[in-house]
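Colleague: Just passing along the structure, written as structure tokens.
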Amino acid sequence: RQMCIRDRYTVPDLGQYEDYIHFINKMPNKQEAELFGFHPNAEITRDLKETDQLCSSLLLVSGSNISKGSGSDGETQESKLVSICKEISSKLPKRFDTEIAQVKYPVSYSNSMNTVLLQEIERYNALIKVISTSLTQIEDALKGKIVMSEQIEKVCASILLGLVPDMWKKKSYPSLKPLASYISDLVERLHYFQSWIDKGPPKIQWLSGFFFTPVSYTHLRAHETPEHLVCRLLLEKKKNNIYY
């Protein structure tokens with residue numbers, strides 16, 4: 001008669017109408033995950049999503065009151081937007097020179113990491129292009145050189161709220177960071193791959209810095225490199241719930 005392992009979720013006994021109403025009123029207002037066949041940890045995921053939605057809604061509500069100062073809201077937001085765009089543009093390095101990378105690291109069966117490197121810099125080049133182009137279009141639109149499209153307007157709204165625009169996310173690696181942390185992380189990733197191109201393959205691979213981490217790990221596993229031994233040890237510790 002139990003619906004799940006919780007005693008409170010049971011099938012009521014036969015009775016009158018008032019008995020069923022009393023039984024229903026005794027049910028908890030907040031249903032637990034086990035009632036729907038989920039693990040109790042599913043409640044953590046639900047709470048995280050609800051918190052994220054609440055914070056996002058608060059940011060959207062406060063978006064119209066972001067600017068403060070002597071000027072009008074539009075003017076103050078415009079100057080703030082321009083300064084943020086210039087700051088991001090100054091931090092972003094130029095796109096990778098794929099021709100030089102192809103000459104220094106040709107595709108080879110004996111070293112598949114060359115292929116991984118070329119694929120990664122192509123993905124990062126696409127991301128840099130999207131970011132740089134959108135920032136340039138924002139500045140031109142604010143100056144009146146071009147008409148601000150709906151897509152660019154959404155990018156402006158996200159930047160003012162400190163969020164990564166959806167236009168960038170379509171070309172980006174998975175990330176939950178806010179805009180400032182995202183740009184800092186992106187610049188660090190770009191410097192990592194530029195150092196790889198200039199100075200040769202690093203002795204320690206930054207697995208989370210790749211767009212597609214399993215590809216790099218597959219290479220390390222195939223060649224049984226020291227980096228793979230470290231990765232395998234960490235994975236075995238995680239599998240056995242061993243942490244330091």
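The values are calculated or read from the model by the stated rules, or taken from the named source; none is laboratory data. Only a predicted model underlies this, so the values are computations on that prediction, with no experimental measurement involved. In this analysis, Cβ positions are derived from the backbone assuming ideal geometry, glycine residues included, and neighbour counts consider all displayed protein chains. These accessible areas exclude ligands, DNA and RNA; they are computed on the full protein's heavy atoms, side chains included. Shrake-Rupley method; radii C 1.70, N 1.55, O 1.52, S 1.80 Å.
Colleague: Round to the nearest 10 and report in Å² the accessible area of residue 83, as given by a 1.4 Å probe over the protein chains' heavy atoms.
Modeller: For residue 83, solvent-accessible area is about 60 Å².
Colleague: Select from the range 18-63 those trypsin sites (Lys or Arg not before Pro) which occupy a DSSP coil region and have at most 13 other Cβ atoms within 10 Å, ordered by residue number.
Modeller: Here the sparse-neighbourhood loop sites are 30.
Colleague: In the range 100-157, which trypsin sites (Lys or Arg not before Pro) are in a loop and have at most 16 other Cβ atoms within 10 Å, using DSSP for the loop call?
Modeller: Those satisfying the criteria are 145.
Colleague: Please give the direction-averaged projected area of the C-alpha convex hull for the range 104-210, in square nanometres with one decimal.
Modeller: 8.1 nm²
Colleague: Continuing with the same structure: Before anything else, pin down the relative contact order of the range 86-142: Cα pairs under 8 Å, at least 6 apart, normalised by residue count, whole percent.
Modeller: Values: 23 pairs, mean separation 22.6, N = 57.
Contact order relative to length: 40 percent.
Colleague: Taking the Cβ of residue 188 as the centre, find all other residues whose Cβ is under 13 Å away and add up their charges (Lys, Arg: +1; Asp, Glu: -1).
Modeller: Here the charged neighbours net out to +2.
Colleague: Here is the link list: 49/80; 104/203; 91/199; 169/199. Which ones come out longer than 28 Å on Cα distance? Could you put the intermediate results ahead of the total?
Modeller: On the way: 49/80 30 Å; 104/203 17 Å; 91/199 22 Å; 169/199 30 Å.
Exceeds cut-off: 49/80; 169/199.
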